[in-house]
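Here the structure is laid out as structure tokens; the discussion comes afterwards.
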């Protein structure tokens, strides 16, 4: 076998060649029987088919996920094996809550930039429908002698005696709660809405716009190149099924708050539980051109930050986005388009409020001027997680794909991405067009 | 002996149900764990007054996590709070002076009295606080800020400034039953940037048993910006008498802030002292501080093993009580030498040999009964009042090196010492404070720890009482 030429240590530019995703569908729905690995397989397979990429060119797969399959958590490697890629295609799986997809993509870009690899498939997937129900530790410990090794009749009796009371050993319902604070994410969003004075109406208005924009994008065929049809047990799924193009402020305003009696966060202005996967093909610019691909975009910078999860859990992007801009040597006003993950309308509006605030700039960022106001016309122009859905690990890769296509197809120069994540994490990246 | 009125829920209920004329003290809220980023997380703090500190207060309070409610004639008073409010997502609310909306309760009041010019202006404290004072939640806080009277150029201005201290002391006695404490802070012109840590401490549960106290914040000692959390990271602290009681509690608190604590006690207390040191990951130093060579030994040990020391807590102390007429001479000598003589000798040596590093902190233990005078304690009182004079005189001499020197005067604290008191006397002593109960060793430890932090650089030469606002001792 011919030995590949190594680029190790060579400084090279990483470019996005293309991206594709499955439709994003409501959890416990059409993708019920597809777990996180199945969804990843579908996205990567479609990516390979669309690009006709010779399989032996692939160096590795980097995958992001949040609810990892406990028996095979390294999804990336499972994908390579499932798709019968050459055994040399190694794989790793990373997790950074809702920023996992972007994390996978920037890990791939970093590996290419330092010459560790030339061709990497990155992305992410999640299937909330297949979240494992965990047994409480007490039940695990009691059952261990039966599960591992030979159990004696006495062991069985011993297990029974340890199982009382029964409520102690019932599986716990999974919920998206912070491990350190115990706060459910919706409660965090509720408290951010209260503290930043984001009204119910403002949230609903934002959600309405997200749905209308996503519906328009779908209707116009804007996502056609980015979304692959999926054959599920119930038939083919062609498009995202959470988007409600006909929703109105009036309809949204009738929904009841979920997390607090007099609260403002509803099912309508929060992102829904979603199943889906998204994959992005990254290469060194040299390699891409040698193989005859036209790069869509490149990373100018990225940044990850942490804030106290007990304070404002989802404010991270307000710190990460300016940091990524600083690293890119650019200002918000230089950005042609801004795309922010919409976990909750309250969270997006809290972040944009902070970015526009002089006080926030002075005291939190050490800047004398606000980062700036984001122009509505250039902000989440095709909707976002509220309307398209949010399979945790896939969202970052979806955003990179949509924005890379936007730069390549419209002549826009730069795009700023922002993502909030559990644990008080924030992520951001600046994409630039490639000639 | 535990405090029945505080610990026994049945007794508390019974007294309340029967309506007995026994005041049931409020259980004080105390801090858990080390210094936090936001000690005032989600607390509703009423900010009032007409001084020039609004901008400083806005930044301190919002960063500490408080929700400011700002009192004024118009909503223009919100102006300085807008920016910091956005930065920390703590939107300020405006309340009309003299108005307290139905049903609203608050956790703390901060009054800015730095603008007081004449006794007539004192009326402000009445106008601002009168509608709100009965709206304070349990374990609430009142902090009254003014300028030092001694700095006033006009006698009338000095009078107004001094008036704030008396006001605060009396107010503290009125609201103590609720577990609320009130203190005043007199900040020198130009020392405003040093207010932050003082307010974070006084408004937090760390000051649960400090009431009626005036704090002076000065520019005297040199110092830089101080951390909010892990406040003693990388510091070495010496605590004398660390085997038990207040010394033990202090050693634990200092260690929790990141300090390496050298636990010093008499060789006879090897076992308990080592236990404390082991628990907190500190070191042991067994020395009788009254030995002739003790100062040299301590200085050498600290120099050789740790390269110096940053915090010195002179906690070791003894009582040898007898009325003067019955007192043996060695009882006098013992008390005065341990409580005062040794403190001075060790401090001098640490300073002379430059073992105490620049930016160091010295905290001595005085005593409320020492200051106020107590029958049978002439020797003890002489030593403990001596401490007050010592810290006052030493502070300006070491200020240039950034070193501060302060004393803590504990009131009635529930320790081994006080549990041995006769029941009747103990009961009276407990109830003679504004908060109607005794303090805990950790309350004293919290005050010592605060004075040991870099952020307490504005406070030096002071004797701070930790007495829950005791009736005696002014």
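The values are calculated or read from the model by the stated rules, or taken from the named source; none is laboratory data. These numbers were taken from a predicted model, which means no experiment stands behind them. Positions of Cβ are backbone-derived with ideal geometry, glycine not excepted, and every protein chain shown enters the neighbour counts.
Quick notes on this one:
- Filtered residues of segment B:206-239 (kept if without any contact (Cβ under 8 Å) to a residue 60 or more places away in the chain and in a strand (DSSP E or B)): B:214
- Per the listing A:337, A:351, A:371, A:305, the residue uniquely within 14 Å of chain B (Cβ to nearest Cβ) and under 23 Å from residue A:398 (Cβ atoms) is A:351.
- Looking across segment A:355-368 at every residue that is touching a residue at least 24 places away in the same chain (Cβ under 8 Å) and farther than 16 Å from residue A:333 by Cα, the one that is farthest from the other protein chains (Cβ to nearest Cβ) is identified as A:365.
- All positions within segment B:177-203 that are assigned to a helix (DSSP H, G or I), modelled with pLDDT of 95 or more and touching a strand residue (DSSP E or B) at 6+ places or on another chain (Cβ under 7 Å): B:194, B:195, B:198, B:199, B:202
- Count of residues meeting criterion [surrounded by fewer than 24 Cβ atoms within 10 Å (Cβ to Cβ) and closer than 21 Å to residue A:428 by Cβ] in segment A:61-95: 2
- Residue within segment B:456-467 that is modelled with pLDDT under 95, buried (at least 24 other Cβ atoms within 10 Å of the Cβ) and assigned to a strand (DSSP E or B) present: no
- Flag for residue B:160 being out of contact with any helix residue (DSSP H, G or I) (no Cβ under 8 Å at 6 or more places or on another chain), at negative phi and in contact (Cβ under 8 Å) with a residue 24 or more places away in the chain: no
- Residue B:371 being in a helix (DSSP H, G or I), within 17 Å of the chain's Cα centre (by Cα), modelled with pLDDT under 95 and not assigned by TED's automatic domain parsing to the domain that holds residue B:210: yes
- With respect to (1) more than 19 Å from residue B:217 (Cα to Cα); (2) within 14 Å of chain A (Cβ to nearest Cβ), the lone exception for residue B:61 is condition (1).
- Flag for residue B:274 being farther than 30 Å from residue A:308 by Cα, at pLDDT 95 or above and part of a helix (DSSP H, G or I): yes
- Condition met for residue B:338 (assigned to a strand (DSSP E or B) and on the phi < 0 side of the Ramachandran plot): no
- For segment B:421-438, the set of residues classified as out of contact with any helix residue (DSSP H, G or I) (no Cβ under 8 Å at 6 or more places or on another chain) and within 14 Å of residue B:2 (Cβ to Cβ) consists of B:423, B:427, B:430, listed by residue number.
- Flag if residue B:242 is within 22 Å of residue B:343 (Cβ to Cβ), assigned to a helix (DSSP H, G or I) and either touching a residue at least 24 places away in the same chain (Cβ under 8 Å) or in contact with a helix residue (DSSP H, G or I) (Cβ under 7 Å, 6 or more places away or on another chain) (or both): no
- 2 or more residues surrounded by 17 or more Cβ atoms within 10 Å (Cβ to Cβ) and within 14 Å of chain A (Cβ to nearest Cβ): qualifying strands (runs of 3 or more DSSP E) within segment B:67-137: B:67-72
- For segment A:260-272, the criterion of being out of contact with any helix residue (DSSP H, G or I) (no Cβ under 8 Å at 6 or more places or on another chain), more than 13 Å from every other protein chain (Cβ to nearest Cβ) and surrounded by 19 or more Cβ atoms within 10 Å (Cβ to Cβ) is met by none of the residues.
- Apart from one condition, residue B:44 fits all of (1) under 18 Å from residue B:139 (Cα atoms); (2) more than 23 Å from the chain's Cα centre (by Cα); the exception is (2).
- Residues (closer than 12 Å to residue A:397 by Cα, in contact with a helix residue (DSSP H, G or I) (Cβ under 9 Å, 6 or more places away or on another chain) and outside any strand (DSSP E or B)) located in segment A:97-114: A:99, A:100, A:101, A:102, A:103, A:104, A:105, A:106
One line per residue, one yes/no per condition, for (1) outside any loop (DSSP other than H, G, I, E, B); (2) within 14 Å of chain A (Cβ to nearest Cβ); (3) in contact (Cβ under 8 Å) with a residue 24 or more places away in the chain; (4) touching a helix residue (DSSP H, G or I) at 6+ places or on another chain (Cβ under 6 Å):
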| position | (1), (2), (3), (4) |
| --- | --- |
| B:15 | yes, no, no, no |
| B:31 | no, no, yes, yes |
| B:34 | no, no, yes, yes |
| B:38 | no, yes, yes, no |
